[in-house]
Amino acid sequence: MRIDLLEDTWERGVPHDQFAYLRREAPIHWHDVPDDTGFWAVTRYHDIRAISRDHHTWSTEAGSTFIRTPSPEEMAVARLMLLNMDPPKQTRYRRLVSAGFTPRMVGKLTEAIRARAARIADSVAEKGGEVEFVTDVAQHLPLQTICEMVGVPRSDQQMIFDWSNRMIGFQDPDFHTTSDDSDIAGGEMFLYCDKLVEDRRANPRDDILTVLVQAEVDGDRLTREEIDAFFVMLTVAGNETTRNLIAHAVLALIERPDVYQELAANLDDEDLWRSATEEFLRWGSSIHNFRRTAVRDTELHGQKIAEGEKVVTFYASANYDEKVFADPLTLDIRRAPNEHLTFGGGGPHFCLGAGLARAQITAMVRELLRRFPEAELTAPPRRMRSDFINGIKHMPVRFRL
Ligand code: HEM
């Protein structure tokens, strides 16, 4: 079978056929990349978990996002983000913000998230039920939530959305960006953040930016660049992933009206909503992969991997591994257990915002189903061209009032 896991493939759909073949025949598969060094594609659930948990062998310091090798300039900025640090340094930086994301904090935010989701769903009714789902619905809740937490004023939130699209969408011509433009967007975000930082030094508030401005690591205050990098990472990570997951969840329900009806008839069944949310996460798996680099010569399933070689772990494959998930290509909102790898395979980088994302997905889907008994597509959805984000760019939907 021809294996191609680069951006064009994903625009057509998740390559389940290629992954099923790789899991069966070549779980550690060498993949060439034109004009760049290739990588080892890892596709089995248990291998991905093991790699994610072993930072002594598999480092993120040479870059964890994007399959292609970053330029030295890109890497200089990326290295300021915890995604691209190894413990113990990563542990020290993560601790600065982790208090904002504990289950207790997410519990405190849940009512505000629900109220925001209710307002967004009301706005769908005001439009007569016919919407461009991505921009009219899915983008709003994640954007508002992370911007409130970090400390971005309401009036500037659309700019954050546009910047993060430009940063993440550079492989898709529809976003009119190139990888240079992606860097420019990042630079603009840094400048914007600097202004907020100045304000917080003078006027501390109850937000993450103030925490970062006042934080110390090993007795030193964070540099301006470090705060900027945190800002970009949190706003981009909080946005793109959750927005796309909400879009995939609603698409899955439109494709399965029986499941839509079942959830709509059980709006107060918390256990059902909990397991349905996990299944939406498994199903929609909004980040295709993360990358690690071998820090020493090693072996996986007898395959020798040399120090410095890239290993790409495909969550999109792990979540459909038939050895772990029965009937993986069927949406099952009661699936248990459902230990998907959508937030990573565990270990030091496990998604900081997992609880926050779960709360938002449940709230947004539930508020839609509370108001609208049925939904249908009015045109086929269009997927983003990206080998990193499982993105939906356009999804015209008609909700029945
Ligand atoms: C459905 C939504 C989300 C998905 C699918 C997702 C997925 C992921 C994945 C796969 C990782 C890397 C795991 C690893 O390398 O082992 C990660 C890390 C991270 N995520 Fe999320 N994420 C989501 C939502 C969020 C939200 C709402 C935030 C809020 C700010 C967030 C913040 C982060 C941060 C800061 C990291 C880096 C953690 C570290 O390196 O220590 N994510 N996420």
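The values are calculated or read from the model by the stated rules, or taken from the named source; none is laboratory data. Predicted model, so just to flag it, every value in this text is computed and none were measured. Counting neighbours? That spans all protein chains shown, and the Cβs are built from the backbone with ideal geometry, glycine included.
Just checking, how many residues over region 88-102 are more than 9 Å from the ligand (Cβ to nearest atom) and over 12 Å from I208 (Cα atoms)? So the answer is 5.
It is to be established whether one or more residues within region 393-401 are assigned to a helix (DSSP H, G or I) and surrounded by fewer than 19 Cβ atoms within 10 Å (Cβ to Cβ). The answer is no; no qualifying residue exists. One residue is enough: does region 363-382 have a residue meeting the conditions in contact with a helix residue (DSSP H, G or I) (Cβ under 6 Å, 6 or more places away or on another chain) and within 23 Å of Y21 (Cα to Cα)? Within region 363-382, not a single residue is in contact with a helix residue (DSSP H, G or I) (Cβ under 6 Å, 6 or more places away or on another chain) and within 23 Å of Y21 (Cα to Cα). Step by step: first the residues of region 284-330, then only those that are surrounded by fewer than 18 Cβ atoms within 10 Å (Cβ to Cβ) and aliphatic (A, V, I, L, M), then the one that is farthest from F19 (Cα to Cα). Which residue is that? Per the stated criteria, the residue is V295.
The residue of region 185-221 that is farthest from P72 (Cα to Cα), among those that are without any contact (Cβ under 8 Å) to a residue 12 or more places away in the chain and among the aliphatic types (A, V, I, L, M), is A202.
Among the conditions (1) under 24 Å from L356 (Cα atoms); (2) in contact with a helix residue (DSSP H, G or I) (Cβ under 8 Å, 6 or more places away or on another chain), R205 misses just one, which is (2). Being buried (at least 21 other Cβ atoms within 10 Å of the Cβ), within 11 Å of the ligand (Cβ to nearest atom) and farther than 26 Å from A185 by Cβ is a description that applies to L281.
Among the residues in region 349-367, are any on the phi < 0 side of the Ramachandran plot, small (G, A, S) and away from the ligand (no atom under 16 Å from the Cβ)? No, region 349-367 contains no residue that is on the phi < 0 side of the Ramachandran plot, small (G, A, S) and away from the ligand (no atom under 16 Å from the Cβ).
For region 246-267, residues that are surrounded by fewer than 15 Cβ atoms within 10 Å (Cβ to Cβ) and of a type in the set (G, A, S) total 1.
Here's the yes/no breakdown for (1) free of Cβ contacts under 8 Å to residues at least 60 places away in the same chain; (2) more than 20 Å from the chain's Cα centre (by Cα); (3) closer than 19 Å to R292 by Cβ:
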site	(1), (2), (3)
G13	no, no, no
D35	yes, yes, no
D47	no, yes, yes
A50	no, yes, yes
R53	no, no, yes
T57	no, yes, yes
F66	no, no, yes
P72	yes, yes, no
L83	no, no, yes
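Residues in region 353-384 that are part of a loop (DSSP other than H, G, I, E, B) and either modelled with pLDDT under 95 or surrounded by 21 or more Cβ atoms within 10 Å (Cβ to Cβ) (or both): G353, M384.
Okay, residues lined up against (1) surrounded by 18 or more Cβ atoms within 10 Å (Cβ to Cβ); (2) modelled with pLDDT of 95 or more; (3) out of contact with any Asp or Glu (no Cβ under 6 Å at 6 or more places or on another chain); (4) of a type in the set (D, E, K, R):
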{"residue": "D54", "(1), (2), (3), (4)": "no, yes, yes, yes"}
{"residue": "I67", "(1), (2), (3), (4)": "yes, no, no, no"}
{"residue": "P72", "(1), (2), (3), (4)": "no, no, yes, no"}
{"residue": "M81", "(1), (2), (3), (4)": "yes, no, yes, no"}
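Number of residues in region 227-249 that are of a type in the set (G, A, S) and within 8 Å of the ligand (Cβ to nearest atom) equals 2.
One residue stands out in region 262-293 among those that are touching a helix residue (DSSP H, G or I) at 6+ places or on another chain (Cβ under 9 Å) and polar (S, T, N, Q): the one that is nearest to F39 (Cα to Cα), namely N289. Among the residues of region 16-39, those that are crowded, with 19+ Cβ neighbours inside 10 Å and either hydrophobic (A, V, I, L, M, F, W, C) or within 16 Å of the ligand (Cβ to nearest atom) (or both) comprise F19, L22, I28, F39. The set of residues in region 93-149 being surrounded by fewer than 17 Cβ atoms within 10 Å (Cβ to Cβ), under 20 Å from L82 (Cβ atoms) and of a type in the set (V, I, T) consists of T102 alone.
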